[in-house]
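Have a look at the structure below before the remarks.
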Amino acid sequence: MFLDDLAQAANEKCRLGPSEPLLVGVSGGADSVALMIGLHTLGFNLVVAHLDHGLRSESSQDADYVESLAQRYRMSFIRERIDVGDFAKKNKLSLEEAARHVRYEFLFTQARAQKAQAVAVAHQADDQVETVLMHLIRGAALAGLSGMVYRGVFPMWDSMIPLVRPLLGVWREAINAYLAEIDVTPREDRSNRDTTYFRNRLRHELIPDLATYNPAIRQVILRMSTVLGEEDQYLQGLVDEAWGTCFLSKNKNSVELRRSEFIQLETALQRRILRRAIAMLRPDIRDVGFNAIEQGLTFSIEHPENGQIDLVARLNVAILGDVLIIKTWDADLPDLHKPLLLMSSTQEKLDGDHPIQLRHGWQLIGEIIQNPSEDFRELVKEIDLDEAWLDFDRLNLPLTVRGRQRGDCWQPLGMSGHRQKLQDFFINEKVPEHIRDVWPLVCSGKEIAWVCGLRPSEAYKVNVKTQR
């Protein structure tokens, strides 16, 4: 029965092939030993990998035991020793987190070296029940209550090689019965009985207590996690579709989303999309708290204009117009591909012979139109924001192009008889603060004649007397 269940899971749920190398992590305990021997019996091409954590005096004996088993069954064997206690201190991690990190780092490093089709580990049905209960107690959404998956790719370890769990539907009793049947005695880790560890308390205290309310509590929880996992997968399809409507771009330091589309989504999808963006930048973060996600959503949806706040794990969430950005603390905000000055200190002359180079391939070009036709004044009303028509004879030449300076004031088109601080104009036009210093200004003497791409000055507008 054990081998039948293992074969079905390995073939159908883990999608493993018998010919390609399969790296299996073996600690020496009952679960991993049963997985190793069972897969070997079924004809899989195994590479056995053992990591000695150096946490117990008998850990080297565990490594020797696994090596002897691998030799008995004529399987390739790899072992390594890492001082997990020292690693935990240096990286300020709990022993459990440190052990998990170095174990998977070791397994996937070896899997790449062996060109393995997957990394197989021995999580079984009781582990699944304990995991779901841990997530429930700590607070989890659908994904957490679904528990572990039979097959998954985890980019923090490798973006191509999957982690598989062929024993996820097999109970501990069946594993022990199989080992007794083949007369194999596994190693026993005494720390598994130490109830100072959270998982061990669940295993030895909480689950037996829950069984007094429902003797089938383990089966109930396992069935629940299976159903919720299927529903979670269905929702992931909706998230993929929603992501396609929101996503703009990404790099190693930021993810950009279209805010107007994001706001229209159902809250459940918004949460998942925000979590996906965080995971892209921080794939090593296992649990992002509810409060952090809610704070990020509130800002993303309700904040009226440009700005940013801290999110979680040294990330910010920022708003720039219709762009919602999740970024690392040290990443610069994007300039939105605007035609900006190359440097804020730039000041150049503008004439018809020497275009001024701006960012993203833009150029600022000046042209004199002599004796314009009678209908040109009507054309001025329809020009693009990337152009400004000015009365040449009112200008103080040469025109210069510069960035903003402290105390800049000007007279925007339509504001006859009044002047406005450039800072206030930028705020009204919703120009993001971080690009205001490099926004190009065409100046006539000391006066601003055109805030490029936004509005020309009232003082230099064309009228019925304009000749050039």
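The values are calculated or read from the model by the stated rules, or taken from the named source; none is laboratory data. Just so it is clear, the model here is predicted, and its values are computed rather than measured. Don't worry about glycine lacking a Cβ; one is built from the backbone with ideal geometry, like all the others, and counts go over all protein chains shown. Heavy atoms of the whole protein, side chains included, go into the accessibility calculation; ligands, DNA and RNA do not. Shrake-Rupley method; radii C 1.70, N 1.55, O 1.52, S 1.80 Å.
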Legend entry - Sorted largest first, extent of the stretch 73-150 alpha carbons per principal axis (Å): 40, 33, 21
Legend entry - Space enclosed by the convex hull of the alpha-carbon atoms of the stretch 179-222, per residue, Å³: 103
Inset, instruction - Just subtract the alpha-carbon distance of ILE137 and SER416 from 0.36 nm times their residue separation and send over the number in nm, one decimal. - result: 93.8 nm
Legend entry - Burial order of peptide ranges 291-304, 59-72 (average beta-carbon count within 10 Å, highest first): 59-72, 291-304
Legend entry - Cα-based convex hull, the stretch 335-468, per residue volume (Å³, whole number): 114
Legend entry - Within straight-line cross-link reach of LYS465, lysines at Cα separation under 22 Å, skipping those fewer than 8 residues along the same chain: LYS381
Inset, instruction - Compute the separation of the alpha-carbon centres of the stretch 246-282 and the stretch 180-205 and state it in Å as a whole number. - result: 41
Legend entry - Kirkwood estimate for the stretch 171-267, i.e. one over the average of 1/r between Cα atoms, Å: 18.5
Legend entry - Kirkwood hydrodynamic radius over Cα pairs of the stretch 232-343, then Stokes diffusion coefficient at 37 °C and 0.692 mPa s, in µm²/s: 229
Legend entry - Positive-pole candidate from LEU297, GLN357, GLY229, dipole of the stretch 228-383, charges at beta carbon: GLY229
Legend entry - Descending principal axes extents, the stretch 297-354, alpha-carbon based, whole Å: 50, 23, 15
Legend entry - Sites LYS349 and SER60, calculated FRET efficiency, Cβ-Cβ separation with R0 60 Å, nearest 0.05: 0.20
Inset, instruction - Express the carbon and sulfur contribution to the solvent-accessible surface of the chain as a percent, rounded to the nearest whole number, probe 1.4 angstrom. - result: 50
Inset, instruction - Find the accessible area per residue for the chain; the probe is 1.4 Å, ligands and nucleic acids are left out, and the unit is Å². - result: 54
Inset, instruction - Can you figure out the FRET efficiency of ILE301 with ASP335, using R₀ = 35 Å and their beta-carbon distance, to the nearest 0.05? - result: 0.90
Legend entry - Convex hull volume per residue for the chain, taking Cα atoms only, in Å³: 201
Inset, instruction - For a quick protection proxy, order the peptides 120-126, 92-98 by their average other-Cβ count within 10 Å, most packed first. - result: 120-126, 92-98
Legend entry - Calculated FRET value between ASP240 and GLU387, using beta carbons and R₀ = 45 Å, to 0.05: 0.60
Inset, instruction - Compute the distribution of all C-alpha to C-alpha distances in the stretch 1-70, in bins of 10 Å from 0, and list the percent of pairs in each, rounded to whole numbers. - result: 20, 48, 24, 8, 0
Inset, instruction - Let me see the pair-distance distribution of the stretch 15-138: every alpha carbon pair, 5 Å bin width, integer percents in order. - result: 2, 11, 19, 21, 20, 15, 8, 3, 1
Inset, instruction - Please report, in Å, the Rg and the Dmax of the stretch 92-230, where both are computed over Cα atoms only. - result: 16.2, 49
Legend entry - Summed residue charge, Cβ within 15 Å of ALA180's Cβ, Lys/Arg positive, Asp/Glu negative: -4
Inset, instruction - Return the percentage of antiparallel bridges among DSSP beta bridges fully within the chain, rounded to the nearest 5 %. - result: 75
Inset, instruction - Would you kindly give the portion of the calculated P(r) for the stretch 268-327 that falls above 18 Å, as a percent of all Cα pairs? - result: 25
Legend entry - Qualifying GluC sites (Glu not before Pro) for the stretch 115-210 [loop in DSSP, other Cβ within 10 Å: at most 14]: GLU188
Legend entry - Amide H contacts of CYS409 (H built 1.01 Å from N, under 5 Å, at least 5 apart or other chain): LEU422
Legend entry - Cβ charges +1 (Lys, Arg) and -1 (Asp, Glu), total dipole of the stretch 110-232, debye: 300
Legend entry - Cα-Cα over 32 Å, subset of LYS338/LYS461; LYS327/LYS461; LYS327/LYS430; LYS250/LYS349; LYS92/LYS327: LYS327/LYS461; LYS250/LYS349
